[in-house]
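K.L.:
Have a look at this one.
The values are calculated or read from the model by the stated rules, or taken from the named source; none is laboratory data. All figures in this text were calculated on a predicted structure; none of them were measured in a lab. Virtual Cβ from ideal backbone geometry, glycine too; neighbours counted across all protein chains shown. With ligands, DNA and RNA removed, areas are computed over all heavy atoms of the protein, side chains included. Shrake-Rupley method; radii C 1.70, N 1.55, O 1.52, S 1.80 Å.
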Amino acid sequence: METGDLSAAAPPWLTPWQATLAALADAAPQLRIERLNQQARARDLRVASGAPLTFVAADDAGDAAYEAHVFATGRVPTRSNRHDLFNALVWLHLPQAKAALNARQAAALARDGVQPARGGERDALTLIDENGVALVADDPSVFDALAVHDWEWLFVRERARWHRRIVPQVLGHALLDKLGAPYKAITAHVVALPVPLGAAPGLDADAIDGLLAARIATGELTPRRLLPLPVLGIPQWWPDNAQPAFYDDPTVFRPARRAA
């Protein structure tokens, strides 16, 4: 896979996955696929149908719809590029959430077939899969502030709570690809994961994966429910945001639209 320098120090959003990236850094494309599959087999990862998760050649699905093929077979067509590497990386590290996304897409395809337009549910699932960030918080005010774009409260006044009581987790593989060349306006779609007061600091990656999978599997999903989040505003994710003036940019940290 053409992935750039995987041996470099991971940025904050990739730090939890650095060991996986390091194992791929010196490998040729086919060997990278083999190493991804070794990790999937070692953890006995499976899609929601029960089929073992396997990364395969890009043309493996043939004429079948991609999501239906992955659900039925567990075989994930994987091209030799950064985008698909990050897709595989998310499968390895958030397997429950990815399986839930795939299962719900496959169910929609089985119910409705391939349509010219995906519809609201499948649009939301695609946005989460490509551009999603899970946001765990044990204070409902966090999601209220996000909904009304109160960036000063969220990123400046409550800065000390980030990564402890406000925990972001990137899910979207296209978002990870974009963050390979960061620019200020990169904006994610948020899946809100409220938890009881005091619960956020004790959640590890597996627990967040489980919460996210449950939300994806059972929640009402439409694009309008996915709140925008300029990800380089997240404290500690970008050096420039240490200065409050970083957020004084209405082209990125936009005010909320007024209700009609």
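K.L.:
Which members of segment 128-144 meet the condition of being in contact with a Leu (Cβ under 6 Å, 6 or more places away or on another chain) and either open to solvent by 40 Å² or more (accessible area, probe 1.4 Å) or at pLDDT below 95 (or both)?
P.N.:
None - no residue of segment 128-144 is in contact with a Leu (Cβ under 6 Å, 6 or more places away or on another chain) and either open to solvent by 40 Å² or more (accessible area, probe 1.4 Å) or at pLDDT below 95 (or both), so the list stays empty.
K.L.:
Taking helices (runs of 4 or more DSSP H) that do not extend beyond segment 9-77, which have at least 3 residues that are not aliphatic (A, V, I, L, M)?
P.N.:
29-42, 66-73
K.L.:
Within segment 187-211, take every residue that is out of contact with any Leu (no Cβ under 6 Å at 6 or more places or on another chain) and either of a type in the set (Ser, Thr, Tyr) or within 21 Å of ALA10 (Cβ to Cβ) (or both) and give me the one that is least open to solvent (accessible area, probe 1.4 Å).
P.N.:
Ranking the candidates gives ILE208 first.
K.L.:
A further question on this structure: Out of ALA68, ALA51, ALA40, which single residue is out of contact with any strand residue (DSSP E or B) (no Cβ under 9 Å at 6 or more places or on another chain), surrounded by 12 or more Cβ atoms within 10 Å (Cβ to Cβ) and modelled with pLDDT of 95 or more?
P.N.:
ALA68
K.L.:
Tell me, which residue of segment 213-239 that is open to solvent by 90 Å² or more (accessible area, probe 1.4 Å) and closer than 21 Å to VAL136 by Cα is modelled with the highest pLDDT? So that I can check it myself, show each step before the final result.
P.N.:
Narrowing segment 213-239 to residues open to solvent by 90 Å² or more (accessible area, probe 1.4 Å): 218, 220, 224-225, 236, 239.
From what is left, the residues that are closer than 21 Å to VAL136 by Cα are 218, 220, 224-225, 236.
Values: THR218: 90, GLU220: 86, ARG224: 90, ARG225: 90, GLN236: 96.
Looking at the filtered set, the residue picked out is GLN236.
K.L.:
Considering only segment 240-256, I want to know if a residue exists there that is modelled with pLDDT under 95 and among the small types (Gly, Ala, Ser).
P.N.:
yes
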